[in-house]
Amino acid sequence: MSIDTQADDETADARIAEGNAAHDQERHHDGGEGHGGGGDGGGHHESPEVVDGRQRMAIWLFIGGDMVILAGLLFTYLYLRGTNTEGHWMNMVGYTGHPWSYYYNVLFVKGGSLPNPTTVSVNPVSAGFYWFVTLVTVVSAGIIWFGEKRLRASRDAKSFVPIASLATVVALVALVLTIVQLRQIPEIFVTQNDSAYMAYTSYSSAILVLEGSALIHMVVLAFLGLGLSIRASRGVISGDKWYQVRLVRLFWVWVAISSVIVAAVVTTVNTIH
Amino acid sequence: MTDSDNDKTSLKSFFWLWGILTIVGVVLGLYGPSHLMPKSMSPNMHLTILTMVIFTVAAAPVAAGVYAATIYVLRNWTHKGDEPPPPAKPVRENGIIVATWVSISVLLTLFLLIWGLGALAEDNASASSNPLIVNVIAQQWVWTFQYPGTHVESNSLYLPEGREVEFHVSSDDVTHGFWIVQMGVQVDANPGVITTIHTTPNVLGTFDVRCEQFCGLNHAFMDALGDVVTPQQFSTWLAAQPQRT
Amino acid sequence: MTTTLEHTAVAEESQGGGLARYQNAGTAVAGGVLFAFLFWLIARKTMDPTGEAFNDQVTTILGCGWIIGFWFGIGAFNGPMRWLLGRDHSRADDLYYAGHNQGRARYWKYTTDHKVVGVQYIIVTMGLLGVGGLLAMAIRTELIMPGNHFVNQQVYNAFISLHGMIMILALIVAIAGPWANFVMPIMIGARDMAFPRLNALSLWTLVSAASLLVAVAAVGGLTMGWVVLAPITDQNGVGMDLFALTIVVFAVSSTVGGVNVVCTILTMRTKGMTLERVPIFVWGAITTSALALYAFPFFFLVEVLQLLDRNVATSFFVSGGGGTGWLQANLFWLMGHPEVYVILTPAVAACFEIAAVMARKPVFSYRTAVAAMVGLSGLSILVWAHHMFTSGWAPTLGGPFMVTTEIISIPTGLFFLVLIGTLWRGHIWMKLPTIWMFGFIANFIIGGITGIYLSDIPIDNQLHGTMFVTAHFHYIFVGSVLFGAVAALAFWFPKVTGRFLDEFLGRISFWLVFIGVQVTFLAMFASGLKGMPRRVSSYSVIFDHTNLITTIGAYIIMSGMLVLLGAIIKSWGHGEPSGPNPWHANSLEWMVPTPPPLENFDVMPVITEDPYNFREEMVRS
Amino acid sequence: MNGSKSLGIALASVLLGGGALALAGFALASDTPHQAALNCVRTSATACSLQLSTYPDSLEGAHGKTGGAHPTWVTYANDNLVVPENTTINVTIHQYDGGGSLNDPFFDQVMGTIGGTMVYNGKTVSHVDPNNIGHTFTLRNIPGNGKTLFVSVPLPADYRNPTITIGTGQYPKPNIIKFSFKTGGPGTYEWNCEYPCGDARVSSGFGYAMSSFGYMSGTLTVK
């Protein structure tokens, strides 16, 4: 068996190029034209607007995925708080203090041992500090938004460089503050059978992962901000080619919003505590 | 083979096929579950088997319809060979058929839901205000059963006939699945929480307790024996057990 | 036929690529090994060796090293770095990345051409199915008779866990991976995916993750089933850390892939290709990808929390610190049930496509087909707790979740309506894809109906955690999805290779696998009804006959799959030439030459009707 | 189409499948019946004496001189035991390990032995202090095979015993536990330890050695 490819190509051409009036009547109403039409009948260079529209959609989808993760994190936080398994939401059976005292007592003090483990409660982390970090994040987002607006209005890429750099520096400040925050999360020293270790209560765990996700976002923002600065100074971003700034701004603003959401939720929980 | 485009009379064979397959399905439904499943020792298990039978009977015409249609299609409208057959008459939409299909499946689903929710309510209904409470403790890879108020702990489960039992299930280590095979009740044993489930054993005899939640190395061997005895035998057994404090 | 891009590119060809000229799978593995070693050294020095989690920490860091090194080695970081430094890809670079004039070598590189990525996905899927299949045979061999004979329970537990996870990964990518990449862009009249480099990223992240998953076996395996329910995960050795890392990376891979597919379909369609004219498979691809975008972030999250619990002593799933396994179960099944439809929908869509082309008839009620796929995806996010009916979590929610679960049978039923409506009074060309498609229909009805039983709580209270469940989802995954995947492979194989998949061997394989599936899983239903629990290495003597039959059936399936493998290998190089449009179909992927050239189209087509108007003149030959 | 070649490939695949099946069958057949000789020493026609030891590390016993992959894990020196049918098995366990409290005090009882007692360092007891347990020896039947065998014996810990040296390790002088049980017909049983001695952070000590075959668990084959 062999198929006459020529005949097939002709058929294809017939369908593609001119259509078929008889069949046109059967086709459905053309509802999706607004989205379609990326191709331009032979050229390979798509217009920047088309590419930008596509990239914006991708950014929104990635933000959507990030929203799902945030929703999962908040669910985790509220669920753990709500169930409060065995009353251990903010406490754990263990010791305050550090493992060295355990090793010191057990290994070096003859006949020494630790007192009986007691229920240790952790203090809530500072909601005020939380809001402070959030404020810094929001400021960085505001700067980048301002920079984008200015760039689009004035078409002046050179003056965008310091603005992007400033936003990057502010994001880095937020990053450092987040690390400071993470270090404040209290651990509890636990011994079990033959082992001893530091552990987090579920309260601390939830805060840890919320702040950890903020930390990762800050790293991404710093990368993006640095990229914008370099690209603007190299002329890759210019008065005419500002689309990428908007893409970055979209993500940046989302990070700021998520940071506000997290701070709000954590504050509520802290106050009820 | 190409004479098949329209032949209304031949649809008869489709309906025959459908009918026969439905009957096969119904027969399988009536005998399959009750034959294969363990003998019932509680109202819950009875309800489970009954629901299995009813669902199978309800699903039989649906499955038979799909099979009959597929076989009918294969019998009447297939073409062999290396050359493609000519285009068939295009049918893009048939609102009536779609609407009928959707209505029937909505009705069937409604039936399943009403039956299912009713059965669920019956399953959860408590028969007695004074149930026998048994603490079920799961540990890798053994079950132990405590009878509160008596200081008795045992590794096999003795239950009196005809009295509702409420199991308070918990675990010492990881999640296990408490399952009384012949009574159709399952609930997970979770560390740190107590879950409850109740049933009323109504047949004398032995039964199996198995773990149905993957719990590590010896999961396959985590079972316990159980025995439903008369209330008198139960009190005798309880009194003969070592008292633990 | 050549493309314009090729015309302009001859002169630039020698300059493009940059660092990518020196990167391929070999450097990726070298990079992975090197970084893994370096990270291991660092971890040994920096982590507290007396700590409880020392081994976990070292393993996790080592696994991260492998992944980062692999990504460096393959060239995944080239793009971001060049973006950061403002040195964007030139045309010559893009051409090099697309694998222009690189022959077979491009299959081993970070190649952006969607057709290369599609072929890479075929190979990865086949590899994963092979490993998972061998594990399945090991499992069935152990279960041939009561008692532990072939392997002990620890090894057996590792087998079932890895079999489960590998097969889930393989099936997630089995249809969407190859075909949403290879044919989908051509179907909608696009020159490539929306983001070609993200496409390559999604493939190679999958490879880096899958290799980690195989490495799990080397470090003591995983011994608690692929769902890795807490808190038993805590007892596992360091295999669990690598497993969690695998999933984290896999979630990244599928998110990236999902974004790419959605953007491609929504923004890259050629003129006149409205959403009502796209081939129905495209709808399968977009609903799957959109659902994956919702589901996999949960998978990502739950495994990150597992890693934290194991490595830094947090208490998410640990009752002693206030956590609970139910949180893990919720997060897991929030992903877990949509994921089932991520696996199923492409198979259904491929079968619609095949049914229409082979019956020489339009898809019956295209709108119903689309509505069913979209409705199924939408409903699937509301049913997760039906996996937890017997967990003791929120018994009052049992009723509502039972309602949502049973409603799913309505869109599922519509699949049958569309399939049978399409085939009814068709002129059905009985070729290999058609045969496998019929197998899909026959098996899917059994898988579907047994699902209704399990959605009913009084029945689930007996059958949950038994072999009945295993048989049910194997009827879906093997009987339906695998059949759909083979049908899709047989259908589009000629477009990839220019040759038919061997009809004779394909039919032998079909009958072996089809009969094997019935023997294996019908007997498994019987085991489950009798009360045999899942995931047990040994069982009571009362289950011995049904298990023996199941094992025999499994070997029949394996023989069939080996025949299929033989057919693929034979046909790839020496099969019967097919020409560009062997099925005389009407959609765009059959209008381009075989193999399709770089960038697919010389002239962008303009579409005036949907691809299901089969005309008499198409069959003259 | 080259039919004969295709058929050849098909046949080869099926044969490969059959070969795998045969191989598996061979593996199955060669495993069980040809188990090594008895692990216990026959003392009379109806009695057999079995020696077991529990160590806090794996340097002794079945894991090799260096302790194998996990020299720090606790272990029984034996894992797969073979004993004769319809015989009284007199077990002596040398318990070298420390310990603590049971998760479930149920296992401080002696269950399933002849007389329901054991001899602990020369004293006949039916239960011991649940807060001072090193391990347990818990033997059970495989589900549903119609046989019943359940033996559970607690092995008390004692830190106060003076240290002795065995091989390369230093161990406390062992507690010696003796008990007897009767075997029925041929069959395979499973035994493991029910004291949480496997050091895991969360799962109450059932990790590592407890969750790995051949350390604190094994089979008992009656033949």
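Considering each of C:Val418, C:Val403 in turn, give the residue that is surrounded by fewer than 19 Cβ atoms within 10 Å (Cβ to Cβ) and facing chain B (nearest Cβ under 10 Å).
Step by step, each of C:Val418, C:Val403 is checked, and only C:Val403 is surrounded by fewer than 19 Cβ atoms within 10 Å (Cβ to Cβ) and facing chain B (nearest Cβ under 10 Å).
Results for (1) within 10 Å of chain D (Cβ to nearest Cβ); (2) touching a residue at least 12 places away in the same chain (Cβ under 8 Å); (3) under 30 Å from D:Gly8 (Cα atoms); (4) out of contact with any Phe, Trp or Tyr (no Cβ under 6 Å at 6 or more places or on another chain), shown as yes or no for each residue.
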{"site": "C:Gly531", "(1), (2), (3), (4)": "yes, yes, no, yes"}
{"site": "C:Ala567", "(1), (2), (3), (4)": "yes, yes, yes, yes"}
{"site": "C:Gly575", "(1), (2), (3), (4)": "yes, yes, yes, no"}
{"site": "C:Gly579", "(1), (2), (3), (4)": "no, yes, yes, yes"}
{"site": "C:Ala585", "(1), (2), (3), (4)": "no, yes, no, yes"}
{"site": "C:Met591", "(1), (2), (3), (4)": "no, yes, no, yes"}
{"site": "C:Thr594", "(1), (2), (3), (4)": "no, yes, yes, yes"}
{"site": "C:Leu598", "(1), (2), (3), (4)": "no, yes, no, yes"}
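Just to be sure before I move on: is C:Gly398 in a helix (DSSP H, G or I) and either at negative phi or of a type in the set (Phe, Trp, Tyr) (or both) in the structure I sent?
yes
Got at least one residue in segment C:497-518 being closer than 23 Å to B:Pro33 by Cβ, surrounded by fewer than 24 Cβ atoms within 10 Å (Cβ to Cβ) and at pLDDT 95 or above?
The answer is yes, given that some residue of segment C:497-518 is closer than 23 Å to B:Pro33 by Cβ, surrounded by fewer than 24 Cβ atoms within 10 Å (Cβ to Cβ) and at pLDDT 95 or above.
Select, from A:Arg234, A:Arg249, the only residue that is within 30 Å of A:Ser154 (Cα to Cα) and touching a residue at least 12 places away in the same chain (Cβ under 8 Å).
After ruling out the rest, the residue left standing is A:Arg249.
Please indicate, with yes or no, whether at least one residue in segment B:143-150 is more than 24 Å from C:Ile457 (Cα to Cα) and touching an Asp or Glu at 6+ places or on another chain (Cβ under 6 Å).
The answer is yes, given that some residue of segment B:143-150 is more than 24 Å from C:Ile457 (Cα to Cα) and touching an Asp or Glu at 6+ places or on another chain (Cβ under 6 Å).
Matching residues to (1) within 14 Å of chain D (Cβ to nearest Cβ); (2) assigned to a helix (DSSP H, G or I); (3) over 20 Å from the mean Cα position of the chain (by Cα):
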residue	(1), (2), (3)
C:Phe473	no, yes, no
C:Phe477	no, yes, no
C:Ala487	no, yes, no
C:Ala490	no, yes, no
C:Ile508	yes, yes, yes
C:Trp511	yes, yes, yes
C:Phe514	no, yes, yes
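Taking the stated definitions as given, is B:Asp188 closer than 30 Å to D:Phe213 by Cβ and outside any strand (DSSP E or B)?
No; evaluated as a whole, the condition is false for this residue.
Of all residues in segment C:199-248, count the ones that are buried (at least 23 other Cβ atoms within 10 Å of the Cβ) and aromatic (Phe, Trp, Tyr).
Of the residues in segment C:199-248, 2 are buried (at least 23 other Cβ atoms within 10 Å of the Cβ) and aromatic (Phe, Trp, Tyr).
Being surrounded by 21 or more Cβ atoms within 10 Å (Cβ to Cβ) and either free of Cβ contacts under 8 Å to residues at least 60 places away in the same chain or within 19 Å of B:Met37 (Cα to Cα) (or both) is the filter here; which residues of segment C:541-555 pass it?
C:Phe543, C:Thr546, C:Asn547, C:Thr550, C:Gly553
Of all residues in segment C:104-124 being without any contact (Cβ under 8 Å) to a residue 60 or more places away in the chain and within 21 Å of C:Ala209 (Cβ to Cβ), which is farthest from the chain's Cα centre (by Cα)?
C:Tyr107
Take the conditions away from chain C (no Cβ under 11 Å) and surrounded by 15 or more Cβ atoms within 10 Å (Cβ to Cβ) and apply them to B:Leu17. Does it pass?
yes
Residue pairs, Cβ under 6 Å, 6 or more apart or interchain, first in segment C:210-225 and more than 12 Å from chain B (Cβ to nearest Cβ), second surrounded by 18 or more Cβ atoms within 10 Å (Cβ to Cβ) and outside any helix (DSSP H, G or I). List them.
From residues that are more than 12 Å from chain B (Cβ to nearest Cβ), the pairs are C:Val216/C:Leu222; C:Val219/C:Val238; C:Gly220/C:Gly237.
Suppose the filter is assigned to a helix (DSSP H, G or I), touching a Phe, Trp or Tyr at 6+ places or on another chain (Cβ under 7 Å) and in contact (Cβ under 8 Å) with a residue 24 or more places away in the chain; does C:Gly426 pass it?
It is false that C:Gly426 is assigned to a helix (DSSP H, G or I), touching a Phe, Trp or Tyr at 6+ places or on another chain (Cβ under 7 Å) and in contact (Cβ under 8 Å) with a residue 24 or more places away in the chain.
Given the conditions (1) closer than 30 Å to C:Arg310 by Cβ; (2) surrounded by 22 or more Cβ atoms within 10 Å (Cβ to Cβ), and given that A:Ala196 satisfies all but one, which numbered condition is not satisfied?
Tallying (1) closer than 30 Å to C:Arg310 by Cβ; (2) surrounded by 22 or more Cβ atoms within 10 Å (Cβ to Cβ), A:Ala196 fails exactly one: (2).
Out of the residues in segment B:51-94 that are under 20 Å from C:Ser527 (Cα atoms) and in contact (Cβ under 8 Å) with a residue 24 or more places away in the chain, which is surrounded by the most Cβ atoms within 10 Å (Cβ to Cβ)?
Checking each candidate, the answer is B:Thr51.
Give the residue, chosen from C:Thr205, C:Thr255, C:Thr274, that is farther than 24 Å from C:Met604 by Cα, facing another protein chain (nearest Cβ under 8 Å) and polar (S, T, N, Q).
From the options C:Thr205, C:Thr255, C:Thr274, the qualifying one is C:Thr255.
Can you name the number of the only condition in (1) assigned by TED's automatic domain parsing to the domain that holds C:Val278; (2) out of contact with any Phe, Trp or Tyr (no Cβ under 9 Å at 6 or more places or on another chain); (3) farther than 17 Å from C:Val496 by Cα; (4) among the hydrophobic types (A, V, I, L, M, F, W, C) that C:Val536 fails?
(2)
Please determine whether any residue of segment C:135-158 is more than 10 Å from chain D (Cβ to nearest Cβ), in contact with a Leu (Cβ under 8 Å, 6 or more places away or on another chain), assigned to a helix (DSSP H, G or I) and in contact (Cβ under 8 Å) with a residue 40 or more places away in the chain.
yes
With the checklist (1) within 14 Å of chain C (Cβ to nearest Cβ); (2) without any contact (Cβ under 8 Å) to a residue 12 or more places away in the chain; (3) hydroxyl-bearing (Ser, Thr, Tyr) in hand, flag the one item A:Thr268 doesn't pass.
(1)
What number goes with the only condition from (1) buried (at least 19 other Cβ atoms within 10 Å of the Cβ); (2) modelled with pLDDT under 90 that B:Ser10 does not pass?
(1)
Being crowded, with 17+ Cβ neighbours inside 10 Å, modelled with pLDDT of 90 or more, assigned to a helix (DSSP H, G or I) and within 12 Å of another protein chain (Cβ to nearest Cβ) narrows it down to one residue among B:Val106, B:Val98, B:Val169; which is it?
Going through B:Val106, B:Val98, B:Val169 in turn, just one is crowded, with 17+ Cβ neighbours inside 10 Å, modelled with pLDDT of 90 or more, assigned to a helix (DSSP H, G or I) and within 12 Å of another protein chain (Cβ to nearest Cβ): B:Val98.
For C:Gln235, only one of the following conditions fails: (1) among the polar types (S, T, N, Q); (2) under 30 Å from B:Asp188 (Cα atoms); (3) in contact (Cβ under 8 Å) with a residue 40 or more places away in the chain; (4) within 14 Å of chain A (Cβ to nearest Cβ). What is its number?
Exception for C:Gln235: condition (3).
Looking at this structure, is C:Arg310 in contact (Cβ under 8 Å) with a residue 24 or more places away in the chain, away from chain A (no Cβ under 11 Å) and surrounded by 24 or more Cβ atoms within 10 Å (Cβ to Cβ)?
Yes: the conditions hold for C:Arg310.
The values are calculated or read from the model by the stated rules, or taken from the named source; none is laboratory data. Bear in mind that the values here come from a model prediction, so they are computed numbers and not experimental data. Virtual Cβ from ideal backbone geometry, glycine too; neighbours counted across all protein chains shown.
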